[in-house]
Amino acid sequence: MNIWIYARNLTLGLWIVFKRTFTKPVTVQYPEERPYLPPRWRGRIVLTRDPDGEERCVACYLCAAACPVDCIALQAADDPTAQDRRYPEFFRINFSRCIYCGMCEEACPTNAIQLTPDFEQSEYARRNLVYEKEDLLISGTGKYPDYNFYRVAGVKTRDKDKGQAENELPPVDVRSLMP
Amino acid sequence: MEILFYIAAAVTVLATLRVITHVHAVHALLYLVVALIALALIFYLLGAQFAAALEIIIYGGAIMVLFIFVVMLLGPLAVEQERTWLKPGAWVGPGILALVLLGEVGYLIAIGDHLPITVSETRQKGVSIALYGPYIIGVELASMLLLPGLIGAYHLGRRVSKESR
Amino acid sequence: MIDWSHTALTIGVILGGALTLAGLLIWVERRLLGIWQERYGPNRLGPGGCLQSLADMIKIFTKEDWIPPFADKAVFVITPAIVVITALMSFAVVPIAPSFVVSDLNMGVLFFLAMSSLAAYSVIIGGWASNSKFAFLGSLRAIAQLLSYEVFMGLSLMGAVLLAGSFNLSDIVDAQQQVWFVVPQFLGFLGFFMAGLAEAHRTPFDMPEAEAELVAGYHSEYSGMKFGMFFVGEYLSVILLSAMTVILFFGGWHGPWLPPVVWFVLKMSAFIVLIILIRATWPRFRFDQLLSFGWKVVMPLALINLLVTGGVVLWKAG
Ligand code: SF4
Ligand code: SF4
């Protein structure tokens, strides 16, 4: 009869739940115990520098274009001291809108913008969640310690000419007929 | 103990007055509930504990709840409408009838032929024996009356769907 | 002659005990639910988190006590009091130990039923006075549920009353010295317990305040201490249900070795834990299932149980 099956199942359910009294909770007691966050965790965003200690960001706007919630704002400027190097005059991320999707990191051609395993960003005032460039810029290289965009890019900078980058052949003279 | 009786009686009378005069139907019903509870207290003080409990369980707890249920479902309550109905003129008829009753009570008190309030020993057993002894036909008639009500309610409330037809 | 000091002391102890226990239950329930869901529950404040109810209390007292402008003010305000008052009044007839009872009424069972039927008003009127859709839907559900299950509650505990031959709760407990009424009255116990769960609107019968469908049901519009009263009232009725189950079917204070009060509290706590366990396990009924379950299963069972019990009692009496 159905009613016996119901009764049995209901009692069985009670017993199964009651057995949980003796199991250890899975809760992580957060402020004292910290959960392990993998290095690729998508948390607070930083702007990194290349191994020479210069800003990686070349203000190409790709991150701002890729961001699905449009929370990155920046303004490009030329650095008069470093020939042909662009840098962001200001760089602003509104973390109250950021969804930590990592699209900016994927879009960045210079590995400048990176997401870090840090999620403790709570603030009492919402306005404090708008991070300016000085809040974002760190002095290290982040996840890619050896990468330096200008070393592999074929542009001329103040310390190297065209063709002097890594894995780059000397420039071809297109006006000469010699092979 | 007598003072308790008079307080309860006063509460009953006042609450019942408000039931009649209140323009808001749900509020009036709530006053009626209060009146019923006070009445139950009077029963209790007179020694009819069983009747007191039944008064609250059946009248206070079941029937009044159904009344309130129905009134609640009536939607926006027509307070203004009620006000127009409760014109002073409407009081005349019931007022005269109530005065006649009051006169009778006054006469009875005046001739002084009243017995003191006695605490009766009627308990649940006595009530039951009375119900199933001399009054058995009344009980049976009432249950017969309830049975068609039950069947009728079932008929009205049954689900009419394609499968069940 | 009534011994006033003894009565006053008993009232104080039972009132204080019930209210403290109700406050503590707020924490106990959350903690137990946590444990059964493999987490901790509130464990920060005080040893094991036992001061959590105190913190909740402070929070609830300092909250804005908002009366919706569209509500029926007077009725809205008195409703939460009805919950607590009716629940506390019922404790007056609960015998905890021999002569440890506020009022040893001759019709204790009926008094309990009367109070639980009056408690229905708080839910019904509270939902109506809030004048909002969800609260009103909650109170509509409550009316059908409470009215139906009141009937079953009365019917299923009548078996115990028949066996003891008295409406007096102390007499009922005394009649269970040899064998607890749960043995001859198992059906009655099941019916009473389920009806009691429905009366206290606990899971699986908590449709009047089904969070998933009705915001918070009949107390959607209540805030601050008024909401707190509903909350405490619910826990009071859980305690009351456990106490009544113990008295009617599990031998009240009877038990070997330990003093009566300890036995009573132990049995009662076991039932409180069972009620919380049920909440942790069972899903909510659908409303039409609830009513058809009540009228088509519990009602006939209670009637048959009553009939058989009455027959047996008469047969034994000869
Ligand atoms: S993580 Fe996503 S949302 Fe946040 S700044 Fe980068 S692209 Fe925008
Ligand atoms: S952070 Fe990367 S993608 Fe964004 S502007 Fe700078 S270089 Fe371009």
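What to note about this one:
- In the range C:135-155, the condition of being in contact (Cβ under 8 Å) with a residue 24 or more places away in the chain, open to solvent by 10 Å² or more (accessible area, probe 1.4 Å) and outside any helix (DSSP H, G or I) is met by no residue.
- Test: residue in the range A:1-18 that is free of Cβ contacts under 8 Å to residues at least 24 places away in the same chain, surrounded by fewer than 14 Cβ atoms within 10 Å (Cβ to Cβ), within 30 Å of C:Arg44 (Cα to Cα) and within 14 Å of chain C (Cβ to nearest Cβ): yes
- Criterion violated by A:Val69 - all others in (1) within 16 Å of ligand 1 (Cβ to nearest atom); (2) under 19 Å from A:Asn111 (Cα atoms) satisfied: (2)
- B:Pro116 farther than 25 Å from B:His27 by Cα, over 24 Å from the mean Cα position of the chain (by Cα) and modelled with pLDDT under 75: yes
- Within the range C:122-134, being within 11 Å of another protein chain (Cβ to nearest Cβ) and either under 23 Å from C:Gln289 (Cα atoms) or without any contact (Cβ under 8 Å) to a residue 40 or more places away in the chain (or both) holds for C:Val123, C:Ile124, C:Gly127.
- Pairing residues of the range A:88-112 that are at positive phi with residues that are open to solvent by less than 70 Å² (accessible area, probe 1.4 Å) and part of a loop (DSSP other than H, G, I, E, B), at Cβ distances under 6 Å and at least 6 apart in sequence or on separate chains, gives A:Asn111/A:Tyr147.
- Some residue of the range A:73-86 being within 13 Å of ligand 1 (Cβ to nearest atom) and either modelled with pLDDT of 85 or more or over 22 Å from A:Asp118 (Cβ atoms) (or both): yes
- Taken together, the residues in the range C:169-204 that are part of a loop (DSSP other than H, G, I, E, B) and over 19 Å from the mean Cα position of the chain (by Cα) amount to 10.
- When the range C:62-75 is filtered for residues that are within 12 Å of chain B (Cβ to nearest Cβ) and closer than 27 Å to C:Ile239 by Cα, only C:Val75 remains.
- With respect to being assigned to a helix (DSSP H, G or I) and surrounded by fewer than 18 Cβ atoms within 10 Å (Cβ to Cβ), C:Val262 fits the description.
- Test result for A:Ala73, within 15 Å of ligand 2 (Cβ to nearest atom), aliphatic (A, V, I, L, M) and part of a loop (DSSP other than H, G, I, E, B): no
- Of all residues in the range A:61-70, those being within 11 Å of ligand 2 (Cβ to nearest atom), open to solvent by 50 Å² or more (accessible area, probe 1.4 Å) and at negative phi number 2.
- Filter pass, A:Leu137 being within 16 Å of ligand 2 (Cβ to nearest atom) and either charged (D, E, K, R) or within 30 Å of A:Arg158 (Cβ to Cβ) (or both): yes
- When the residues of the range A:87-104 are filtered to those that are within 11 Å of ligand 1 (Cβ to nearest atom) and of a type in the set (D, E, K, R), the one that is least open to solvent (accessible area, probe 1.4 Å) is A:Arg92.
- C:Ser139 more than 11 Å from every other protein chain (Cβ to nearest Cβ) and not basic (Lys, Arg): no
- Applying the set (1) more than 9 Å from chain C (Cβ to nearest Cβ); (2) of a type outside the set (Val, Ile, Thr); (3) within 25 Å of B:Val127 (Cα to Cα) to B:Ala25 leaves exactly one unmet item: (3).
- Residue within the range A:115-129 that is out of contact with any Phe, Trp or Tyr (no Cβ under 6 Å at 6 or more places or on another chain) and either within 10 Å of ligand 1 (Cβ to nearest atom) or within 14 Å of another protein chain (Cβ to nearest Cβ) (or both) present: yes
- In the range A:31-60, the residue that is nearest to ligand 2 (Cβ to nearest atom) out of those that are aliphatic (A, V, I, L, M) and not in a loop (DSSP other than H, G, I, E, B) is A:Leu47.
- Residue within the range A:145-163 that is surrounded by 12 or more Cβ atoms within 10 Å (Cβ to Cβ), under 20 Å from the mean Cα position of the chain (by Cα), of a type in the set (Phe, Trp, Tyr) and away from ligand 2 (no atom under 16 Å from the Cβ) present: no
The values are calculated or read from the model by the stated rules, or taken from the named source; none is laboratory data. On a predicted model such as this, the values are computed, not experimentally measured, just so you know. Quick reminder, even Gly has a Cβ in these numbers, built from the backbone with ideal geometry, and neighbours come from all protein chains shown. Ligands, DNA and RNA are excluded from the accessible area calculation, which covers all protein heavy atoms including side chains. Shrake-Rupley method; radii C 1.70, N 1.55, O 1.52, S 1.80 Å.
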